[in-house]
Amino acid sequence: MSKKNIIWLIVIIILFIGASIAIYFLTKEDEELSITGTVLIRGDGYIMLETDEEDYIINNISNNYKVGDEITVTYKKSSLKDSTNPKEITAIEEKLIKENEPEKELEENNTTNKSENMINSNQENNSNLNETNENKNTNNSTNNNPTNNNSNVTNHNKPNNTNTNKTPTNNNSNNNVSTKSADEAVLEYVNKVESDADKGITDTLKSGFITVVDFLFYNGEIAGHTFNELSTSAKLEVLKAALWIDDKIDNVFPGYKETISNGANKVYTSVKNLIVSTYLDITTSICENHSDLCESAKNDFQSLKKSFGFTWDLIKDLASSGLDKLKNWYEIWSGK
């Protein structure tokens with residue numbers, strides 16, 4: 001065989017091998033796979049399927065499933081988007097394996113109602129507790145109020161006190177408070193705490209953290225105002241600042257939240273979860289009642305998700321008290 005023919009033979013072999021490899025991967029990508037799970041969310045044109053391993057968003061659903069139905073979905077491997085959380089696939093075939101039983105649905109609703117009643121009961125207890133604490137603190141000097149923007153840093157020299165009677169409260173001692181709206185006064189305070197900490201001035205970070213948490217969840221006041229007095233947009237701004245302050249406390253003063261929670265009637269260790277839940281609830285309300293503001297609110301949450309590393313597992317766990325809440329929260333989480 002001539003040298004020229006040998007070269008041609010080598011070229012043909014290489015082309016054949018290359019073509020075989022390409023065909024293999026193309027066939028692999030076109031491979032049909034299937035998963036079986038329970039419908040967790042039913043949305044507009046999609047469902048969320050909960051499997052033993054993880055959750056999946058299933059697009060291109062042709063049948064009308066109920067939450068709790070068990071189904072098998074067939075899809076092409078090439079349609080899998082594994083960069084999203086949860087992962088997304090496009091269905092090419094669906095099959096109902098087991099329909100959700102009405103008794104189970106009723107049981108889930110009863111469980112949800114019990115959870116909500118427990119939450120409401122806890123909120124009432126917290127409210128009564130704070131009223132008691134406020135009555136005990138009536139005779140306290142307003143100079144010990146860490147939420148006064150004109151207060152000297154030395155007023156915060158007892159941040160580690162776990163006595164709930166000395167949990168920072170706010171008395172309207174600022175002569176300028178009356179000239180400012182609730183939004184302006186409260187945002188000025190939280191922005192000051194955030195700005196100082198960002199500059200490395202952490203003297204007021206501990207007292208600021210307690211003040212903001214009490215303001216959000218324990219009927220506390222800032223500059224003589226309560227959280228309910230704020231506009232919706234200001235509430236979201238305060239919650240964003242609270243997330244930042246909470247994160248800063250963990251970084252600058254590790255273990256501080258555990259210290260002030262020990263022996264106290266208030267919980268500071270799970271603040272992040274409470275803030276996220278409240279933020280999602282308010283955003284849900286915005287999307288239900290102010291469609292023009294919904295997209296902006298969802299975009300803001302996308303930024304928070306990246307900044308603070310929120311995972312879908314966290315959101316799912318926080319929404320465990322109600323499936324309707326889970327659907328709304330997922331659509332905020334995903335920006336749908």
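Of PHE301, THR204, LEU230, which is farthest towards the positive pole of region 195-336's charge dipole, taken about the Cα centre with +1 and -1 on the beta-carbons of Lys, Arg and Asp, Glu respectively?
The one lying farthest along the dipole's positive direction is PHE301.
Note down the nm distance, to one decimal, between modelled labels 7 Å out along Cα→Cβ at LYS76 and at SER261.
My value for the distance between the label points is 5.0 nm.
With Cβ to Cβ distances under 12 Å as the rule, what net charge do the other residues near SER233 carry (K, R +1; D, E -1)? Please report the intermediate quantities before stating the final value.
Working: positive: LYS235, LYS240; negative: ASP183, GLU237, ASP300.
Neighbour charge sum, excluding SER233 itself: -1.
Using R₀ = 41 Å, calculate the FRET efficiency as 1/(1 + (r/R₀)^6) where r is the Cβ-Cβ separation of ILE282 and ASP30; round to 0.05. Before the final figure, lay out the partial values.
Details: r = 45 Å, r/R0 = 1.10.
Given R0 = 41 Å and the Cβ-Cβ separation, E is 0.35.
Rounded, prolate or oblate: pick one for region 260-310, where a ≥ b ≥ c are the square roots of the eigenvalues of its C-alpha gyration tensor, a/c under 1.5 means rounded, and failing that, prolate if a/b is larger than b/c, else oblate.
On the way: a/c = 5.66, a/b = 2.04, b/c = 2.77.
Judged from the Cα gyration tensor, region 260-310 comes out oblate (a/c at least 1.5, b/c at or above a/b).
At a 10 angstrom cut-off on C-beta neighbours, averaged per residue, how do the peptides 76-83, 13-20 rank from highest to lowest?
On the way: 76-83: 12.4, 13-20: 10.0.
Highest to lowest by the protection proxy: 76-83, 13-20.
Between region 288-336 and region 69-99, what is the C-alpha centre distance in whole Å?
22
Which order do the peptides 238-247, 57-66, 202-211 come out in when sorted by mean C-beta neighbours inside 10 angstrom, highest first? Present the calculation step by step, with values, prior to reporting the outcome.
Numbers: 238-247: 20.6, 57-66: 15.3, 202-211: 22.6.
Going by the mean number of other Cβ atoms within 10 Å, highest first, we get 202-211, 238-247, 57-66.
Compute the FRET efficiency between THR202 and LYS95 as 1/(1 + (r/R0)^6), taking r as their Cβ-Cβ distance and R0 = 51 Å, and round to the nearest 0.05. Please report the intermediate quantities before stating the final value.
On the way: r = 59 Å, r/R0 = 1.15.
The value I calculate is 0.30.
Just the accessible area per residue of region 234-318, please: how many Å² with a 1.4 Å probe?
Here the residues of region 234-318 average 47 Å² of exposed surface.
May I ask you to derive the FRET efficiency for ASN59 and LYS306 from their Cβ-Cβ distance with R0 = 35 Å, giving the value to the nearest 0.05?
Numbers: r = 24 Å, r/R0 = 0.68.
Calculated transfer efficiency: 0.90.
With θ set to phi - 60°, apply the Karplus curve 6.51 cos²θ - 1.76 cosθ + 1.60 along region 61-73 and write out the HN-Hα couplings as whole Hz, x wherever there is a Gly or Pro.
7, 9, 9, 9, 9, 9, 4, x, 5, 9, 9, 10, 10
Compare the peptides 283-289, 251-257 by average per-residue count of other Cβ atoms within 10 angstrom and give them in order, highest first. Kindly include the intermediate steps, with their values, before the conclusion.
Numbers: 283-289: 16.3, 251-257: 13.6.
Ranking the peptides 283-289, 251-257 by packing returns 283-289, 251-257.
The values are calculated or read from the model by the stated rules, or taken from the named source; none is laboratory data. Bear in mind that the values here come from a model prediction, so they are computed numbers and not experimental data. Heads up, the Cβs are rebuilt from the backbone with ideal geometry, glycines too, and the neighbour counts pull from every protein chain shown. Only protein heavy atoms, including side chains, enter the accessible area calculation; ligands, DNA and RNA are left aside. Shrake-Rupley method; radii C 1.70, N 1.55, O 1.52, S 1.80 Å.
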